[in-house]
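Take a look at the structure below.
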Amino acid sequence: MLKSYQITPTYTPLKKDLEHKINFKTKPIGALGKLENLAIQIGLIQNTLSPKISYPTLVVFAGDHGIVAEGVSPYPQEVTWQMVMNFVSGGAAINVFAKQNGWDILVVDAGVNYTFPTSLPIKNLKINFGTKNFLNEPAMSDEEVDKAVKTGADLVNQIHQKGSNCIAFGEMGIGNTSAAAIIMSKITNIPINECAGKGTGLDDEGLKNKIEILSKATAYHHTTTPLAILKTYGGFEIAMICGAMLKAAELKMIIVVDGFIVTSALLVVHALHPQVINYCVFAHQSDENGHRKMLNYLNADPLLNLGMRLGEGTGAALALPLIQASVNFLNEMASFESAGVSESR
Ligand SMILES: O=C(O)c1ccc[n+]([C@@H]2O[C@H](COP(=O)([O-])O)[C@@H](O)[C@H]2O)c1
Ligand SMILES: Cc1cc2nc[nH]c2cc1C
């Protein structure tokens, strides 16, 4: 199921030509730092010396988690649907940042424990009214996880058909740092206490309880494959992001990776398709304990480190101007020759 996607490595023979183009721009060699690596990566993804960003799209997937019954989040479950309403009213941080930076945003009900009025601009892809409590039973059934992955993939296909070549995923789901922490621990073999963090703001005692609950849950379920890990501990929003990433990489889109939860979905995809990394731009390092280790595991170098831990795709939204800047300098900066500037001796 997760394996059936065809993700090819990016076209590396062009790397030398991209480096050459960048090195003859009117700047000292390497002076644009990470933006130079980003320009090369995007050139390789699109297999051109003149890449472009078309209709960047940010999809916010929302889902609820049965594990919240164990007190793993300081916020009640209803905050998930209430924040979805805030997204469609335009009042959340993601609305503000997306608007400021020219991202289109699409809000998806992947599995919120609430029935939204159909008149609202919420894409109804609901798999179920929240996952099961994974302390007692797998979060999802086989059918549910398969459907969530396929739904995410189909959605990205539609977005690509409308002309988008750059996509970011955000998420909303009270309790989803617990799901993400177990996924991380299972895939990377890093002990759960190094993966779990304070999420939306647990105090020390709350974090201790969360780690105890997650340790128990890790011991109960014997999971080996990435799909089994996703089914047992994941959320509908996380599974949809997995499918969405698989399809986006298959279609050679730029994937902008947000924080802790979105990166946990990438861990699942990466376990089966390591080439997916070629298509990923890491927007930021979240302040959630565990995200730095996740990024290290993936050998990822995030663009920003702003101490943020909000989710919703906010880090990804803030990274878009940098992504655009890398493409713009590659296309628009003068070369030493065209500008009549002397090169180094
Ligand atoms: O993206 C992140 O790195 C991140 C880190 C901590 C919390 N969050 C957000 O907070 C919610 C989950 O936190 P929690 O404490 O309920 O597990 C969920 O809606 C996420 O979008 C997001
Ligand atoms: C208010 C609030 C906003 C959020 N946005 C993403 N996760 C969130 C969690 C809470 C609690």
Of the residues PRO74, PRO321, ASN136, the Cα lying farthest along the dipole of the stretch 57-328 towards its positive end, which is defined by charges on the beta carbon of Lys, Arg, Asp and Glu, belongs to PRO321
The Kirkwood hydrodynamic radius of the chain, taken as the inverse of the mean 1/r over all distinct Cα pairs, in Å, comes to 20.4 Å
With axes computed from alpha carbons, what is the tilt in degrees of helix 34-46 against the longest principal axis of the chain, rounded to the nearest 10 within 0 to 90?
80 degrees
Compute the normalised compactness of the stretch 151-198: alpha-carbon radius of gyration over 2.2 N^0.38 Å, N being the residue count.
1.60
Roughly what would the spin-label model give for ASP104 and MET333, points 7 Å off Cα along C-beta, in nm?
3.1 nm
What FRET efficiency comes out for TYR75 versus ASP301 if R0 is 41 angstrom and r is the Cβ-Cβ distance? Round to the nearest 0.05.
0.80
What does the charge dipole of the chain about its Cα centre add up to, to the nearest 20 debye, if the Cβ of each Lys and Arg holds +1 and the Cβ of each Asp and Glu holds -1?
760 debye
How big is the Kirkwood radius of the stretch 91-216, worked out from every pair of different alpha carbons and given in Å to one decimal?
17.1 Å
When the Cα centres of the stretch 1-61 and the stretch 294-325 are compared, how far apart do they sit, in Å?
17 Å
If you average the sequence gap of Cα pairs under 8 Å that are 6 or more apart and divide by the length of the chain, what percent do you get for the contact order?
26 percent
Rounded to two decimals, what is the ratio between the C-alpha radius of gyration of the stretch 208-345 and 2.2 N^0.38 Å?
1.32
Taking alpha-carbon centroids only, the stretch 162-205 lies from the stretch 84-119 a number of Å equal to 20 Å
Between THR225 and GLU143, what FRET efficiency comes out of the Förster formula 1/(1 + (r/R0)^6) with R0 = 22 Å and r the beta carbon distance, rounded to 0.05?
0.85
Quick one: helix 79-89 against the long Cα principal axis of the chain, what's the angle to the nearest 10°, folded into 0 to 90?
40 degrees
Assertion target for MET253, MET172, MET1, MET140, ordered by fewest C-beta neighbours within 10 angstrom first, is MET1, MET253, MET140, MET172
On C-alpha positions alone, give me the angle between the axis of helix 142-161 and the longest principal axis of the chain, in degrees, nearest 10.
30 degrees
Report the label-to-label distance for LEU49 and LYS216 in nanometres (one decimal), using points 7 Å from each Cα along the Cα→Cβ vector.
6.3 nm
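Where a number appears in this text, it was derived from the coordinates with a stated rule and is not lab data. Since we're looking at a predicted model, the values are computed, not measured. Note: ideal-geometry Cβ built from the backbone for every residue, glycine included; neighbour counts use all protein chains shown.
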